[in-house]
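Heads up, the thing below is written out as structure tokens.
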Amino acid sequence: MHQIHNNLNMLSEKFISNFDLCSVFLQDDDRFLSLSRQAPCVQVDLSKQLWDLQVVNALQALANSRQLQFARKQLLTGQVVNHTENRPADHAHWRLSCQHQVPPAMQQLLDLATQIRSRKDISHVVHIGIGGSGLGPDLALQALTPWCNSQQEIRIVSNLDGHDLQEKLQCLKPQNTLFIVVSKSWGTHETLRNATSALQWFQNNGGLDVAQHFVAVTSKPELAAQFGIHTVLPMSAGMGGRFSIWSAVGLPVAIAIGPDRFLEFVRGGAAMDQHFAEQPWDTNLPVWLGLLDVWNSTFLRQTGRCVAPYHHGLRRLPAYLQQLEMESNGKRVDIHGQPLNYNTAGLTWGEEGSNGQHAFFQWLHQGTCNMSTEFIVVKKPTHDFDGHHEALMANALAQSRALMIGSKASGSQLPGHQDFPGNRPSTTIVLDELTPTSLGSLLAMYEHRVFVAGVIWGINSFDQWGVELGKTLAKDLTPRFQTGDTTGLDPSTAGLLGWLREPHKPGSAQP
């Protein structure tokens with residue numbers, strides 16, 4: 001493995017200092033075809049990345065040395081892959097179990113969605129969860145708006161900030177509102193705080209039957225029962241939050257689009273699972289994407305990746321991928337707890353096109369960092385306004401082309417100010433249309449991409465210990481806002497606590 005790693009390091013020097021995308025396209029008529037790949041519902045152009053087939057082959061050798069094939073089998077068959085918590089990662093195994101039949105747990109989810117959709121007394125569903133339990137449903141509901149046909153309006157609450165809950169409860173009536181509370185452990189502080197406040201709102205405003213207006217999704221039904229919730233959908237302990245949209249966490253999506261469409265979504269993910277399971281490395285799209293992430297971060301030392309979906313329905317995708325990728329692979333130690341001497345996952349960030357063009361695209365084109373951009377376009381829109389979609393797709397292609405070819409100031413233009421260096425890498429992902437099936441395939445593709453990169457980096461992609469320290473310290477700090485006790489605090493935190501405890505003086509400001 002050391003020899004493979006050294007070979008890749010030597011190759012990277014050429015691509016960092018002496019590789020020109022425009023030139024290689026002129027020299028290789030087949031570059032687009034040889035560096036593009038397809039999978040169910042998805043086509044991906046990787047030819048504008050700073051690599052070639054020699055690099056891909058070396059990366060595949062690295063993947064083999066990391067026993068990716070064995071790790072893939074462990075994941076897809078439900079074996080333990082999260083070794084720090086001694087758990088499987090059930091998301092892909094769950095989808096595959098739904099591919100040709102409906103297992104009992106899925107049927108329970110679909111039946112409850114059907115029951116809620118038929119309730120004439122329920123006009124609004126408020127879904128309470130955080131992390132993947134909020135981001136997943138939020139993304140799916142936005143992406144699948146054209147398929148949302150329930151009589152209920154769905155609202156998502158995730159933030160501990162009470163303004164979020166306050167906003168989502170505006171103009172609602174307890175007798176017409178159903179709450180879904182999602183916490184696998186029934187110990188997620190933010191979710192339980194919001195759920196407790198929602199219950200108080202329900203009761204203070206005349207709500208009478210908690211059992212008819214609250215549903216829980218958890219692996220701890222006995223704790224939900226203590227809260228007063230008796231309608232419970234199970235959640236496997238191996239179903240990580242950022243991978244959970246396919247499970248009972250997707251209940252609000254199943255309510256909104258209906259059970260049949262929700263099954264299409266899950267089975268779209270299963271089609272990508274099957275592609276990932278069966279295709280050799282050379283035609284395996286998630287593998288290529290995972291290899292690219294390792295190449296860009298570890299060997300080209302890029303600090304991150306911009307995600308620019310050119311479809312309004314995918315506007316939450318950058319935030320969804322932030323959690324999926326950075327919580328999974330934002331690790332500095334290997335699976336044995338030993339420090340790594342190379343970069344793992346970088347920053348994932350972005351915004352929908354074309355809004356991003358009027359914000360950070362200046363930085364992408366002329367900033368001092370050279371970072372990969374990922375464009376996502378959809379061939380078929382679901383609106384019928386003339387001229388919009390062609391212009392949107394043209395902008396996506398133009399931005400990708402401009403990042404690559406750059407431009408030199410000429411004539412009356414300002415040298416330097418109107419120079420574009422070019423040779424800036426990008427990937428373009430194309431969906432035929434945005435449907436439940438294609439969304440499922442797209443999200444599963446990203447999940448497996450993360451897994452592949454994690455295996456090659458030698459890290460555990462399924463734990464998230466990095467989120468725990470701040471939450472633990474918050475538990476200590478919360479009562480200090482009442483007592484003012486600063487014992488054991490550093491001077492900065494003690495000073496900030498003092499500022500925040502000072503009585504508010506309207507209209508006043510201190511120097």
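The residues of the stretch 402-422 that are under 15 Å from Q362 (Cα atoms), out of contact with any strand residue (DSSP E or B) (no Cβ under 8 Å at 6 or more places or on another chain) and surrounded by 12 or more Cβ atoms within 10 Å (Cβ to Cβ) amount to a single one, P421.
Q60 meets each of the listed conditions (1) in contact (Cβ under 8 Å) with a residue 60 or more places away in the chain; (2) farther than 30 Å from D30 by Cα apart from (2). Within the stretch 165-191, restricting attention to residues that are touching a residue at least 12 places away in the same chain (Cβ under 8 Å), under 30 Å from the mean Cα position of the chain (by Cα) and part of a helix (DSSP H, G or I), the residue that is surrounded by the fewest Cβ atoms within 10 Å (Cβ to Cβ) is H189. A count restricted to the stretch 318-340 and to residues that are loosely packed, with under 14 Cβ neighbours inside 10 Å and either among the small types (G, A, S) or out of contact with any Lys or Arg (no Cβ under 7 Å at 6 or more places or on another chain) (or both) stands at 4.
Looking at R449, is it within 23 Å of P318 (Cα to Cα) and part of a loop (DSSP other than H, G, I, E, B)?
no
Restricting the stretch 118-132 to residues that are touching a Gly at 6+ places or on another chain (Cβ under 9 Å) and assigned to a loop (DSSP other than H, G, I, E, B), the residue that is least open to solvent (accessible area, probe 1.4 Å) is G129. In the stretch 34-58, the residue that is surrounded by the fewest Cβ atoms within 10 Å (Cβ to Cβ) out of those that are part of a strand (DSSP E or B) and of a type outside the set (G, A, S) is Q38.
In the stretch 268-327, the residue that is nearest to D138 (Cα to Cα) out of those that are among the aromatic types (F, W, Y) and assigned to a helix (DSSP H, G or I) is Y320. Tell me which residues, restricted to the stretch 341-375, are farther than 22 Å from E390 by Cα, open to solvent by less than 10 Å² (accessible area, probe 1.4 Å) and not aliphatic (A, V, I, L, M). Across the stretch 341-375, the qualifying residues are T348, S372.
Take V333 and tell me if it is touching a residue at least 12 places away in the same chain (Cβ under 8 Å), touching a Phe, Trp or Tyr at 6+ places or on another chain (Cβ under 9 Å) and either under 21 Å from A39 (Cβ atoms) or hydrophobic (A, V, I, L, M, F, W, C) (or both).
Details: touching a residue at least 12 places away in the same chain (Cβ under 8 Å): yes; touching a Phe, Trp or Tyr at 6+ places or on another chain (Cβ under 9 Å): no; either under 21 Å from A39 (Cβ atoms) or hydrophobic (A, V, I, L, M, F, W, C) (or both): yes.
Answer is no for this residue.
Screening S219, S197 for residues that are more than 24 Å from the chain's Cα centre (by Cα), free of Cβ contacts under 8 Å to residues at least 40 places away in the same chain and buried (at least 16 other Cβ atoms within 10 Å of the Cβ) leaves exactly one candidate, S197. The residue that is farthest from S118 (Cα to Cα), counting only those in the stretch 142-157 that are in a helix (DSSP H, G or I) and open to solvent by 30 Å² or more (accessible area, probe 1.4 Å), is Q142. In the stretch 59-91, the qualifying residues are those that are assigned to a helix (DSSP H, G or I) and open to solvent by less than 10 Å² (accessible area, probe 1.4 Å), and the one that is nearest to G406 (Cα to Cα) is L59.
For the structure I just gave you, tell me whether Q115 is open to solvent by 50 Å² or more (accessible area, probe 1.4 Å) and modelled with pLDDT of 95 or more. Yes: the conditions hold for Q115. Among the candidates L135, L160, L139, the residue that is under 29 Å from A237 (Cα atoms), open to solvent by 20 Å² or more (accessible area, probe 1.4 Å) and in a helix (DSSP H, G or I) is uniquely L135. The set of residues from the stretch 424-452 being within 12 Å of S328 (Cα to Cα) and either under 15 Å from the mean Cα position of the chain (by Cα) or surrounded by fewer than 24 Cβ atoms within 10 Å (Cβ to Cβ) (or both) comprises Y446, E447, H448, R449, V450, F451. Go through the residues of the stretch 246-262 one by one and say whether even a single one is within 19 Å of the chain's Cα centre (by Cα), closer than 28 Å to M106 by Cβ and not in a helix (DSSP H, G or I). Yes. When the stretch 96-112 is filtered for residues that are crowded, with 18+ Cβ neighbours inside 10 Å and more than 24 Å from L76 (Cβ to Cβ), only L112 remains. Taking every residue in the stretch 26-39 that is at pLDDT 95 or above and pairing it with any residue that is of a type in the set (V, I, T) and open to solvent by less than 90 Å² (accessible area, probe 1.4 Å), at least 6 positions away or on another chain, the pairs with Cβ-Cβ distances below 9 Å are R31/V24; L35/V56; S36/V44; R37/V44; R37/T283; Q38/V44; Q38/T283; A39/T283. Within the stretch 9-24, being over 18 Å from N57 (Cβ atoms) and either small (G, A, S) or open to solvent by 60 Å² or more (accessible area, probe 1.4 Å) (or both) holds for I16, S17, N18, D20, S23. Checking each residue in the stretch 249-267 for being within 16 Å of V42 (Cβ to Cβ) and surrounded by 24 or more Cβ atoms within 10 Å (Cβ to Cβ) picks out only F265.
The values are calculated or read from the model by the stated rules, or taken from the named source; none is laboratory data. What you are looking at is a predicted structure, and each value in this text was computed from that prediction instead of being measured. Glycine gets a Cβ as well: all are built from the backbone with ideal geometry, and neighbour counts include every protein chain shown. Just the protein is used for accessible areas: all its heavy atoms, side chains included, with ligands, DNA and RNA removed. Shrake-Rupley method; radii C 1.70, N 1.55, O 1.52, S 1.80 Å.
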